[in-house]
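Worksheet: one structure, shown below.
Taken together, the values in this text are just the output of simple stated rules run on the coordinates, not laboratory data. Keep in mind the model is a prediction, meaning the values are calculated, not measured. Cβ: placed from backbone, ideal geometry, glycine included. Neighbour counts: every protein chain shown.
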Amino acid sequence: MSNKVLVAYASKSGSTREAAEAVGRVLQESGLEVEVYPVAQIKNVDPYQAVIIGSAVRVGRLLPEALKFAEKHAGELAHKKTAYFTVCMTMHEDTPKNRETAALT
Ligand SMILES: Cc1cc2nc3c(=O)[nH]c(=O)nc-3n(C[C@H](O)[C@H](O)[C@H](O)COP(=O)(O)O)c2cc1C
């Protein structure tokens, strides 16, 4: 099994891309082999031992391409370590209520 980690992101204006790149840098600095790509560029998740998916939030929803990616690869992802993050204005202030709202997205 490869040790590579994939950070896959869906971004409209660039903030989620920057967050994905930052996550990738931190993981790389901890010694992992990491690749960071927009979800639309990823055809196959087999090469990765772990997958992190990030999406911007628009009008209370994840971007459709992020959902499509997660649905398309759900079978493979079920057997890998996975993590998810969102980038949204709701979390401009880190409060329990805002966390709850963001988690419902
Ligand atoms: C049209 C539009 C709708 C948005 N809707 C929400 C929303 O429902 N909830 C929220 O928390 N943030 C919302 N935002 C803020 C974005 O999630 C935020 O700007 C995020 O950083 C965008 O990520 P991106 O730069 O990767 O596209 C919205 C932004 C835009 C432009």
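Its DSSP H runs of at least 4 residues, each contributing -39,500 (n - 2.57), put the calculated 222 nm mean residue ellipticity of the chain at -9500 deg cm²/dmol, to the nearest 500. Amide hydrogen proximity for TYR9: with H placed 1.01 Å from N in the peptide plane, the residues at 5 or more positions away or on another chain lying under 5 Å are TYR37, VAL39, GLY54. Separation of the range 1-37 from the range 53-105 is 15 Å, based on Cα centroids. The count of lysine pairs in the chain that are at least 8 places apart or cross chains, and whose C-alpha atoms lie under 21 Å apart, stands at 15. Comparing THR95, THR86, THR16 in a Gaussian network model of the chain (Cα springs below 10 Å), the most mobile by mean-square fluctuation is THR95. Between ARG58 and ASP46, the distance separating the two model label sites (each 7 Å from Cα on the Cα→Cβ line) works out to 3.3 nm.
With respect to the chain, whose longest principal axis is taken over its alpha-carbon atoms, helix 15-29 is tilted by about 40°.
Computed from label points 7 Å out along Cα-Cβ, the spacing between TYR84 and SER15 is 1.9 nm. Considering only beta bridges that DSSP places wholly inside the range 4-103, some 10 percent are antiparallel. Potential lengthening of the chain between SER2 and TYR37 amounts to 10.8 nm, from the contour at 0.36 nm per residue minus the alpha-carbon distance.
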